[in-house]
Amino acid sequence: MSPGPGAGSAPASLTATDKVSTFSSFRVRNYRIHFMGSSISNIGTWMQRIAQDWLVHELTGSAAAVGVTLALQFLPMLLFGLYGGVLADRLDKRKLLIGTQIAMGLSGLILAALTFTNVVNVYHVYALALIVGLVTVVDNPARQTFVSDMVGPALLRNAVSLNSANFQSARLIGPAVAGVMIAAVGSGWAFLANGLSFIAPIVGLLMMRTSELIPAERQPRAKGQLREGLRYVGGRPDLLWMIVLVGFIGTFGYNFAIWLVAFTDQVFESGAGTYGLLNSLMASGSVVGALLAARRGSSRMRFTVAAAALFAILLLIASAAPTFLVFALLMPLIGLAGMTFQVTANSTIQLGSDPAMRGRVISLFMMVFVGGTPFGGPLVGWLSDAFGARVGLIGGAAVCLAAAVGVALILARVGGLRLRISLRAGSRGVALVPREAEQTPAGAGAAVRPA
């Protein structure tokens with residue numbers, strides 16, 4: 001593809017000297033095209049998510065069935081996610097993404113046809129959710145690592161944050177439109193809108209100037225590449241324990257569809273409109289969290305772990321919300337904390353990885369983040385059905401908080417730090433300090449922080 005006019009807008013000149021602001025990545029033409037196409041398809045994706053969850057609930061009357069649908073959609077990522085990363089490291093990511101967008105668009109159109117003809121049953125939804133999951137195995141690592149190809153490493157954190165803001169902004173629109181559409185004309189129209197929305201990113205990918213992309217060197221086909229990626233992560237405690245924390249949060253905390261459906265139905269005794277409203281409120285906080293993350297040039301690992309702990313604490317508070325108003329007011333805060341954790345974890349892992357390994361590392365990240373849903377989704381759904389929505393949410397939040405505290409202590413130990421609790425006036429009550437400090441005699445001076 002010819003570079004055409006404006007080839008001087010290639011990202012290399014932008015990333016070297018310019019100060020990163022909230023929307024710095026928009027100076028890159030290919031990223032602008034990608035962002036606009038994704039904006040349209042993301043709205044369709046959220047419409048289908050809401051319509052699919054509510055359709056399954058209507059067909060079965062069970063929160064656990066919604067959990068099964070999510071499990072089937074994310075099970076392929078758990079089983080085959082690492083192979084998707086190997087393909088992302090080997091093949092042309094842009095061409096891979098064109099293929100995955102076509103496949104996901106067709107799945108939406110098929111579900112729309114089944115719904116319009118009144119033959120849809122829960123097993124049709126299960127089957128299509130599994131197909132989308134298989135496509136996602138390739139789509140996720142290719143899409144995540146393609147961001148670096150478009151903007152380069154200096155703008156990577158900014159672009160990842162803007163992508164998250166894009167996705168969550170669509171969550172403001174998609175659920176609200178889907179809620180009205182389901183009540184007025186039925187779920188089929190939401191599925192149709194999603195299928196057609198994938199035309200936009202396909203056109204955008206075809207319009208990109210390939211000469212302005214800065215892809216990592218493709219890895220030749222060879223044996224042992226998957227094991228090589230696992231060994232690489234195993235030898236990097238900073239990556240390993242961050243991925244472990246992401247796995248716990250994704251498995252037990254990001255089951256929004258399940259516990260929002262359960263609270264809407266069991267606690268507030270409402271319908272699809274309320275479910276869509278709660279999703280939109282959470283998305284509003286997520287957008288703010290993503291935009292705030294876009295302004296951060298860098299973030300420490302302790303900031304990411306603290307965001308995970310705050311997210312879990314807010315879930316615990318929401319589980320005890322006495323009224324709908326209190327519950328609704330907590331949704332933006334939960335969205336903000338959850339998105340801050342997700343964006344900073346994603347960008348930290350990508351920037352900390354060797355470009356030749358990035359596809360495999362990010363596929364492991366996505367595998368544990370969404371691949372745990374086949375376990376966490378049905379479990380949270382079962383708890384919600386058997387003991388109530390509040391118990392289901394409490395169980396997931398408690399596991400997330402325990403994981404955040406555990407990983408924080410492990411990373412502190414790896415980094416040569418210890419937890420100090422002081423009750424003296426004028427000192428920080430709780431702080432991480434170098435281990436050498438506990439061995440320094442009184443009056444001998446401050447301990448030297450390790451490099």
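The values are calculated or read from the model by the stated rules, or taken from the named source; none is laboratory data. Not measured: the values here are computed from a predicted model. We place every Cβ from the backbone using ideal geometry, glycine too, and count neighbours over all the protein chains shown. Quick note on the areas: whole protein, heavy atoms, side chains included, nothing else; ligands and nucleic acids left out. Shrake-Rupley method; radii C 1.70, N 1.55, O 1.52, S 1.80 Å.
Between residues in the stretch 236-252 that are within 14 Å of ALA309 (Cβ to Cβ) and residues that are surrounded by fewer than 20 Cβ atoms within 10 Å (Cβ to Cβ), which pairs lie under 6 Å by C-beta distance while being six or more apart or on different chains?
Pairs that qualify, where the first residue is within 14 Å of ALA309 (Cβ to Cβ) and the partner is surrounded by fewer than 20 Cβ atoms within 10 Å (Cβ to Cβ), are PHE252/VAL399.
Go over the candidates GLY179, GLY186, GLY174 one by one and state the one that is of a type outside the set (Asp, Glu), closer than 28 Å to LEU260 by Cα and surrounded by fewer than 21 Cβ atoms within 10 Å (Cβ to Cβ).
Just one listed residue meets the conditions, GLY186.
Are any residues in the stretch 353-392 over 18 Å from the mean Cα position of the chain (by Cα) and under 21 Å from LEU72 (Cα atoms), and if so, which ones?
Once the filter is applied, which keeps residues that are over 18 Å from the mean Cα position of the chain (by Cα) and under 21 Å from LEU72 (Cα atoms), the stretch 353-392 yields PRO378, LEU379, VAL380, GLY381, TRP382, LEU383, SER384, ASP385, GLY392.
Where residues in the stretch 87-97 are assigned to a helix (DSSP H, G or I) and farther than 20 Å from ASN42 by Cβ, which of them is most open to solvent (accessible area, probe 1.4 Å)?
The qualifying residue most open to solvent (accessible area, probe 1.4 Å) is LYS95.
Considering only residues that are under 20 Å from LEU192 (Cβ atoms) and either of a type in the set (Asp, Glu) or modelled with pLDDT under 85 (or both), which ones fall in the stretch 72-122?
GLN73
Return a yes/no flag: does the stretch 98-112 have any residue that is open to solvent by 40 Å² or more (accessible area, probe 1.4 Å) and within 20 Å of the chain's Cα centre (by Cα).
no
Starting from the stretch 198-220, take each residue that is closer than 15 Å to LYS93 by Cβ and of a type in the set (A, V, I, L, M, F, W, C) and list its partners that are at pLDDT below 85 and assigned to a loop (DSSP other than H, G, I, E, B), counting only C-beta distances under 7 angstrom and pairs at least six apart or across chains.
ILE214/PRO11; ILE214/GLY152
Could you please let me know if THR136 is modelled with pLDDT of 90 or more, hydroxyl-bearing (Ser, Thr, Tyr) and under 21 Å from the mean Cα position of the chain (by Cα)?
So THR136 does not fit the description; no.
Which one of these is without any contact (Cβ under 8 Å) to a residue 60 or more places away in the chain and either among the β-branched types (Val, Ile, Thr) or within 16 Å of SER353 (Cα to Cα) (or both): VAL151, VAL177, VAL135, VAL160?
When all the criteria are applied, what remains is VAL135.
Among residues belonging to the stretch 115-126 that are touching a residue at least 24 places away in the same chain (Cβ under 8 Å) and of a type in the set (A, V, I, L, M), point out the one that is least open to solvent (accessible area, probe 1.4 Å).
Going through the qualifying residues, I end up with VAL125.
Restricting attention to the stretch 94-116, does a residue exist that is touching a Pro at 6+ places or on another chain (Cβ under 9 Å) and among the charged types (D, E, K, R)?
Yes, the conditions are met somewhere in the stretch 94-116.
Which condition breaks for ILE362 when tested against (1) under 29 Å from ALA64 (Cβ atoms); (2) assigned to a helix (DSSP H, G or I)?
(1) is the only condition that ILE362 fails.
May I ask you to list pairs of residues, at least six apart or on different chains, whose Cβ atoms are under 7 Å apart, with the first in the stretch 49-78 being within 21 Å of LEU134 (Cβ to Cβ) and open to solvent by less than 30 Å² (accessible area, probe 1.4 Å) and the second being charged (D, E, K, R) and in a helix (DSSP H, G or I)?
VAL66/ASP53
Which of the residues that make up the stretch 227-251 are among the hydrophobic types (A, V, I, L, M, F, W, C) and either open to solvent by less than 20 Å² (accessible area, probe 1.4 Å) or over 24 Å from LEU401 (Cα atoms) (or both)?
Residues satisfying the conditions are LEU230, VAL233, LEU239, MET242, ILE243, LEU245, VAL246, ILE249.
Can you tell me which residues in the stretch 102-152 are of a type in the set (S, T, N, Q) and farther than 18 Å from GLY188 by Cα?
THR136, ASN140, GLN144, THR145, SER148
I'm trying to understand the selection: among the residues of the stretch 350-387, which are touching an Asp or Glu at 6+ places or on another chain (Cβ under 7 Å) and open to solvent by less than 10 Å² (accessible area, probe 1.4 Å)? Full working, then the answer.
Here is the first cut: in the stretch 350-387, the residues touching an Asp or Glu at 6+ places or on another chain (Cβ under 7 Å) are 352, 356, 359-360.
Hit for the stretch 350-387 is GLY359, nothing else.
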